[in-house]
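Have a look at the structure below, then the notes.
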Amino acid sequence: MERAFLGGLMLRFRVGALSSFISLLLIWEVISLPGLLPSPLTTLRYLASLDPESIALHSIITLYNSFAGFSLSMLLSLVLGFLSHREELIRGFSMGICSLFNSTSALIWSLILVSTIGILSPLPPILVASAVSLPQLLSATIAALDSVDKNLIEAVRSLGGSSVDEYLDVIIPGSLPMIIAASRVALGLSLRISVVAEAFGSSGGIGYMIMRSYNLADAPGVLAWSLILIALVLALDRLLLMPVEERSSSWLK
């Protein structure tokens, strides 16, 4: 009975998700009728005409920029997060960083870094992705460490466990699911934001190709490369990030 009920809920969820996709496709088709945008069919034909090697090359560049920026922000978040867990001065510093970086848009970061480092440097997309994802990861890391069950920590101490045992047996496993959930959001954000910096200052990547198509008044090209980015984000989320998040949550069940 319960299995049938859950199966019905899952079916309704999938129908709803499919309906949202169809609705957006219909809206796109309607907007394209007056010639405001290329139609979905025109865009798909353009997409099919693109060189697969070019798609792979620029997708890899964007993935590299995103993962590099995400890795940098994750490293900083873990270091500052664990230090904030033990020292209020570091906690105040970290929360100040979160507030400052949250208030700064990706466009501002892109313009500052491109004008400072240079258009041809590979660093601006990486640093922009890192700057935008850092507050998300850092605040989540601090919150995750604060949410660990204090009774479990006391239990480890009562059994004669050391500080290392507290971290290895309770704090890290207890905070990991929340950190990974935030990482899923932050990595997707890095992937979407890195293309902004690529558009302003880069010699490759999906963002570079979108801006190149825009400068050439190539509307189908803009939409085609945008679809490639959307497909990349969805594939990364469904095939990698979601399974990792689900497995990390098994410790709490």
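The values are calculated or read from the model by the stated rules, or taken from the named source; none is laboratory data. Since the model is a prediction, treat every value here as computed from it, not as a measurement. Quick reminder, even Gly has a Cβ in these numbers, built from the backbone with ideal geometry, and neighbours come from all protein chains shown.
A few remarks follow.
- Condition check for residue 147: closer than 30 Å to residue 36 by Cβ, free of Cβ contacts under 8 Å to residues at least 60 places away in the same chain, in the same structural domain as residue 63 (by TED's automatic domain parsing) and of a type outside the set (Val, Ile, Thr): no
- Qualifying residue in the stretch 68-75 (condition: polar (S, T, N, Q) and over 22 Å from the mean Cα position of the chain (by Cα)): no
- Residue that is surrounded by the most Cβ atoms within 10 Å (Cβ to Cβ) [pool: residues in the stretch 58-86 that are over 24 Å from residue 149 (Cβ atoms) and of a type in the set (Phe, Trp, Tyr)]: 70
- Here is the figure for the stretch 83-98: residues that are free of Cβ contacts under 8 Å to residues at least 24 places away in the same chain and assigned to a helix (DSSP H, G or I) total 8.
- Of the candidates 116, 104, the single residue that is among the hydroxyl-bearing types (Ser, Thr, Tyr) and in a loop (DSSP other than H, G, I, E, B) is 104.
- Qualifying residue in the stretch 53-63 (condition: of a type in the set (Asp, Glu), touching a Leu at 6+ places or on another chain (Cβ under 9 Å) and without any contact (Cβ under 8 Å) to a residue 12 or more places away in the chain): no
- When the stretch 210-220 is filtered for residues that are crowded, with 19+ Cβ neighbours inside 10 Å and either of a type in the set (Asp, Glu) or within 17 Å of residue 56 (Cβ to Cβ) (or both), only 210 remains.
- Subset of the stretch 125-151 that is surrounded by fewer than 19 Cβ atoms within 10 Å (Cβ to Cβ) and assigned to a helix (DSSP H, G or I) - its residue that is farthest from the chain's Cα centre (by Cα): 151
- Residues (in contact (Cβ under 8 Å) with a residue 40 or more places away in the chain and touching an Asp or Glu at 6+ places or on another chain (Cβ under 8 Å)) located in the stretch 184-224: 184, 188, 204, 205, 206, 207, 208
- Yes/no for residue 41 being within 28 Å of residue 142 (Cβ to Cβ), at pLDDT 85 or above and surrounded by 10 or more Cβ atoms within 10 Å (Cβ to Cβ): no
- Test for residue 39: is it in contact with a Ser or Thr (Cβ under 8 Å, 6 or more places away or on another chain) and in contact (Cβ under 8 Å) with a residue 12 or more places away in the chain: no
- Whichever residue in the stretch 44-57 is surrounded by fewer than 18 Cβ atoms within 10 Å (Cβ to Cβ) and of a type in the set (Ser, Thr, Tyr) and, among such residues, is farthest from residue 241 (Cα to Cα): 49
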